[in-house]
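The values are calculated or read from the model by the stated rules, or taken from the named source; none is laboratory data. Being a predicted model, the structure only gives us computed values, none of them experimental. Using ideal geometry, Cβ is built from the backbone for each residue, glycine included, and neighbour counts are taken over all protein chains shown. Areas reflect the complete protein model, heavy atoms only, side chains present, ligands, DNA and RNA absent. Shrake-Rupley method; radii C 1.70, N 1.55, O 1.52, S 1.80 Å.
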Number of protein chains: 2
Amino acid sequence: MSRDSTSDVVGALAKGLRVLECFRADQPRLSITDVANATGYDRATARRCLLTLVSQGYATHDGKYFALTARALRLGMGALTAMPLPQIVQPWLDQLSQQVGHSASVSILDGTEIVYLARASQRRVMSIGLMPGSRLPAYCTSMGRVLLAALPEAEARGIINASELRPRTPQTLTHPDAIMTRIAEVRRDGFAVIDQEVEMGLRSIAVPLESQGGKVVAAMNLGMAAVHASIDDMVADCLPRMRVVQEGLRRELT
Amino acid sequence: MSRDSTSDVVGALAKGLRVLECFRADQPRLSITDVANATGYDRATARRCLLTLVSQGYATHDGKYFALTARALRLGMGALTAMPLPQIVQPWLDQLSQQVGHSASVSILDGTEIVYLARASQRRVMSIGLMPGSRLPAYCTSMGRVLLAALPEAEARGIINASELRPRTPQTLTHPDAIMTRIAEVRRDGFAVIDQEVEMGLRSIAVPLESQGGKVVAAMNLGMAAVHASIDDMVADCLPRMRVVQEGLRRELT
């Protein structure tokens, strides 16, 4: 195969995957124009990628809008179900969540976002539903700050600088230096607390999950309605139980 | 663009997606040979697709084995988080699961398999961990039988005939006619019961979830250890509560 042809193949696959990524919770149905705008590809390329997804069973097309099918779940879901981490942490999350009566989650970092890998939910306290695969920005979430604190400082700052630092609530920190100061505190304390920076009325506390070798492989948090717990209560009541899970998982995570 | 070049692009994307599908819970790490064998592509094609996934950040390569990254979760997870169904059913599942003390799940059909979209877990009763994105064969699961019963009979038989009918336990039905008879009963009764056909010691009961227009859009089940409930108990205790959820969701699902 000639080099040109190889690079065509590489380019076609790379573009098709970028098009697949355009389908997200806030934009489940997309037109050719939507995809062209989101990716920067010309309409012909966007159209070709979308029609390929349809021909292979990954998307449907109603004439104007495209939407993903159950088959598309085979792609990234394979990645999730192929990861040992969600399987290992789920029983711990179920137990922790029942003990404290709040929702417990585990996530990892992907670019400027955290991705939920596992979750045990008591009752919904956030306006948005969270489930494995859901994403939130790292800069303003307790798990995000824990994961950023585990990185070399320059790398964490790079991610903060690449983030869209939006005041989601009046309490959201949006100045990079202020966020980096908070991250340094998280590194020192070994846990992160978020007080209504993601959504008013919501507090959360997160700790890193380490492997046997001491590497931070994920973050775990408890999220609760602010009316149910002050920051001090949250630290006093939840942190000791989270430390027990952290210790238990350190033995299971390689 | 010439027709040849277009079909190259289509082919490259289609092949790359097939390669992505090879990564599953039971085979998270794959070599070039593994992928070539699983897809039927030659080694050069498998290698080119895998290296493209690495260059685009969707996979890692340790020299021999490839594995998917957190970025790969953007692909199919987009499909899951883009679906309104999991968001709508989750609070109902949480409540139902707490009421009855068993795990509640919702799934849809994809080919010969059911795909879990949402789940509320009490304690784990199966040897395998189930989470959104997990898959089980349709022919031997309660949700699978409910979803097959909602299809035209010829279509259901087509799926059964395409399935690998394996005796997962001594109780698994593996004869197509026997399975079709059971599916007809499910269609008549409006629910399906599975007695240790997926795994010994596990029973489950499933009902269809219908939209306002009366279309079956998913199946919901309760799964429990066989020691906790006879079939009669399961129908008497669980079915009425499942009917309530079914009615409630009929108003929410469009």
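Matching residues to (1) within 7 Å of chain B (Cβ to nearest Cβ); (2) in contact with a strand residue (DSSP E or B) (Cβ under 6 Å, 6 or more places away or on another chain); (3) of a type in the set (D, E, K, R); (4) crowded, with 17+ Cβ neighbours inside 10 Å:
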site	(1), (2), (3), (4)
A:36	no, no, no, yes
A:46	no, no, no, yes
A:49	yes, no, no, yes
A:53	no, yes, no, yes
A:59	no, yes, no, yes
A:66	no, yes, no, yes
A:70	yes, yes, no, yes
A:75	yes, no, no, yes
A:81	yes, no, no, yes
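Of the set (1) facing chain A (nearest Cβ under 7 Å); (2) modelled with pLDDT under 85; (3) under 24 Å from residue A:53 (Cα atoms), all apply to residue B:7 but (1). The set of residues in region B:21-33 being open to solvent by less than 60 Å² (accessible area, probe 1.4 Å) and either among the β-branched types (Val, Ile, Thr) or assigned to a helix (DSSP H, G or I) (or both) consists of B:21, B:32. For region B:82-90, the criterion of being touching a Pro at 6+ places or on another chain (Cβ under 6 Å) and at negative phi is satisfied by at least one residue. Filtering region A:208-221 to residues that are open to solvent by less than 40 Å² (accessible area, probe 1.4 Å) and either at pLDDT 95 or above or among the charged types (D, E, K, R) (or both) leaves A:208, A:209, A:218, A:219, A:220, A:221.
Across region A:96-118, a minimum of one residue is classified as open to solvent by less than 20 Å² (accessible area, probe 1.4 Å), modelled with pLDDT of 85 or more and over 16 Å from the mean Cα position of the chain (by Cα).
What pairs come out if I take residues in region B:147-164 that are in contact (Cβ under 8 Å) with a residue 60 or more places away in the chain and pair them with residues that are open to solvent by less than 40 Å² (accessible area, probe 1.4 Å) whose C-beta lies under 6 Å away, six or more apart or interchain? The qualifying pairs are B:147/B:219; B:150/B:208. The residues listed here are A:134, A:127; of these, the one that is open to solvent by 50 Å² or more (accessible area, probe 1.4 Å) and modelled with pLDDT under 95 is A:127.
For every residue, the table says whether it meets (1) of a type in the set (D, E, K, R); (2) in contact with a helix residue (DSSP H, G or I) (Cβ under 6 Å, 6 or more places away or on another chain); (3) surrounded by fewer than 18 Cβ atoms within 10 Å (Cβ to Cβ).
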site	(1), (2), (3)
A:159	no, no, no
A:171	no, no, yes
A:197	yes, no, no
A:201	no, yes, yes
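Among the residues of region A:76-95, the ones that are at pLDDT 85 or above and aliphatic (A, V, I, L, M) come to 4 in all.
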